[in-house]
Amino acid sequence: MSAAVLPTHPLGSTGLDVTTLCVGTSPLASMKRLYGYDVSDERAIATVEAVFDSPIRFIDTSNGYGDDGSAERRIGAAIRARGGLPADVVLATKVDPDPETGAFDGDRVRASYAESLERLGVERVPLLYLHDPERIPFEDGIAPGGPVEAMLELRAAGLVDHLGVAGGPVGLLQQYLDTDAFSVVLSHNRYTLLDRSAQVLFEGAHARGIGVANAAPYGGGMLAKGPETQTKYGYGERDDRVAAAARAMRDACERHGVTLAAAALQFSLRAPFVDTTVVGVSSPERVAQTVEYATVEIPEELWPELEELVPDASLWLN
Ligand SMILES: NC(=O)c1ccc[n+]([C@@H]2O[C@H](COP(=O)([O-])OP(=O)(O)OC[C@H]3O[C@@H](n4cnc5c(N)ncnc54)[C@H](OP(=O)(O)O)[C@@H]3O)[C@@H](O)[C@H]2O)c1
């Protein structure tokens, strides 16, 4: 597949140009509790190699994906096997709390970033996110000696170019954006065919020139594998009406000759306020499938039909 297949997009006003598809690597960490299956070292490394050989030039990971950073270690193995990260690939990672003590202060931010660089086998990353800040009170996040201050110091020291905030609850992400420390926001499972909680956050961020990464367009798998195979939405069991909406959407897609997965992916890709869509994959064949789902033609008439089927806002994650 030619590298010209996928468009690139400015990531807000960071100056980074990224492909509109980003590969997310939490499934590569073999997190059976979230996804329901294990992923071997070999399969994970082969998946990253397939990404390097694909038109997708943006990879998202985290210090905290898997025991002892297994997602980063596996990405690092693929990078080393290539003799280095391909020059045109943007690699983003995230800082996480100490897995043993739960500490998420400035010292931990510095240690987390150092660990990530060592596992990945790179000298720096251009984009570093504060990961799931819902794990600590906002006041602790922005306190002197806290994680935000340490991230700003890393940036001031030139050790990272851009800071992002990545998490779930949209109100908290907005509070972090309002500190003006972050030039990229990532939220997950909250701007999909089934849930629109992040739309206002994303629109506001985009209008301010903040890069918008929309993660988990399949809701963690339900919209790709179907609600019978992946009964969870956003990593948790949900009201039956969510799965019922997914089934009704799949029927609508079938009537138009497209897959639910393609519609779910393009729903995110077509949003004018989303710069990149982060899709989790854990096998090499998924990489080509993802590019195919992103580029297959979808009849315009399908979108209003799917809009009619969106679950009530009371069922969204928020
Ligand atoms: N707080 C955060 O920062 C945060 C939170 C959530 C997500 N993220 C990022 O966003 C990424 C995406 O989220 P996610 O992986 O949880 O959810 P997702 O992209 O909505 O769904 C991933 C699931 O969909 C399946 N899938 C993908 N392509 C498929 C295809 N073509 N056919 C069938 N199944 C397919 C994957 O299965 P296989 O494993 O079988 O490929 C995996 O189970 C994460 O990997 C992570 O990098 C960040």
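Summary table
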{"read-out": "C-alpha long axis of helix 41-52 to longest principal axis of the chain, angle in °", "value": "80"}
{"read-out": "The stretch 8-315 - percent of accessible surface contributed by carbon and sulfur, probe 1.4 Å", "value": "50"}
{"read-out": "Fluctuation leader among LEU152, LEU177, LEU269 - the chain, Gaussian network, Cα springs under 10 angstrom", "value": "LEU152"}
{"read-out": "Average accessible area per residue (Å²) across the chain - probe 1.4 Å, nucleic acids and ligands excluded", "value": "40"}
{"read-out": "Label-point gap, in nm, between SER13 and ASP312 - each point 7 angstrom along Cα→Cβ", "value": "4.2"}
{"read-out": "Neighbourhood charge, 13 Å Cβ-Cβ cut-off, centred on THR47 and excluding it, Lys, Arg +1 and Asp, Glu -1", "value": "-2"}
{"read-out": "Whole-Å semi-axes of the ellipsoid equivalent to the chain (Cα gyration tensor, √5λ, descending)", "value": "29, 22, 19"}
{"read-out": "Spacing of the two label points (7 Å from each Cα toward its C-beta) at ARG82 and ASP41, in nm", "value": "2.0"}
{"read-out": "Amide H partners (placed H, <5 Å) of LEU127, local residues excluded", "value": "THR93, ASP161, HIS162"}
{"read-out": "nm² value of the averaged projected area, convex hull over the Cα atoms of the stretch 187-274", "value": "5.4"}
{"read-out": "Angle in degrees between helix 284-295 and the longest Cα principal axis of the chain, rounded to the nearest 10", "value": "60"}
{"read-out": "Gain on full stretching of the segment that runs from ASP98 to ARG208 - 0.36 nm per residue minus C-alpha separation", "value": "36.4 nm"}
{"read-out": "The chain - mean residue ellipticity at 222 nm from DSSP helices (-39,500 (n - 2.57) per run, n ≥ 4, rounded to 500)", "value": "-11500 deg cm²/dmol"}
{"read-out": "Excluding exposed DSSP-loop GluC sites (Glu not before Pro) (at most 15 other C-beta within 10 Å), longest clean stretch of the chain", "value": "124-227"}
{"read-out": "Among beta bridges that DSSP assigns inside the stretch 8-315, antiparallel share in %, nearest 5", "value": "15"}
{"read-out": "Per-residue HN-Hα couplings for the stretch 117-130 [Karplus 6.51, -1.76, 1.60; θ = phi - 60°; Hz; x = Gly/Pro]", "value": "4, 5, 5, 6, x, 10, 7, 6, 10, x, 9, 10, 9, 7"}
{"read-out": "Full-stretch length increase - TRP303, ASP240 - with 0.36 nm per residue and alpha-carbon distance subtracted", "value": "20.4 nm"}
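The values are calculated or read from the model by the stated rules, or taken from the named source; none is laboratory data. All values derive from a computational prediction rather than experimental measurement. FYI the Cβ positions are ideal-geometry reconstructions off the backbone, even for glycines, and counts take in every protein chain you see. Each accessible area value is taken on the protein alone, full model and side chains, heavy atoms only, with ligands, DNA and RNA left out. Shrake-Rupley method; radii C 1.70, N 1.55, O 1.52, S 1.80 Å.
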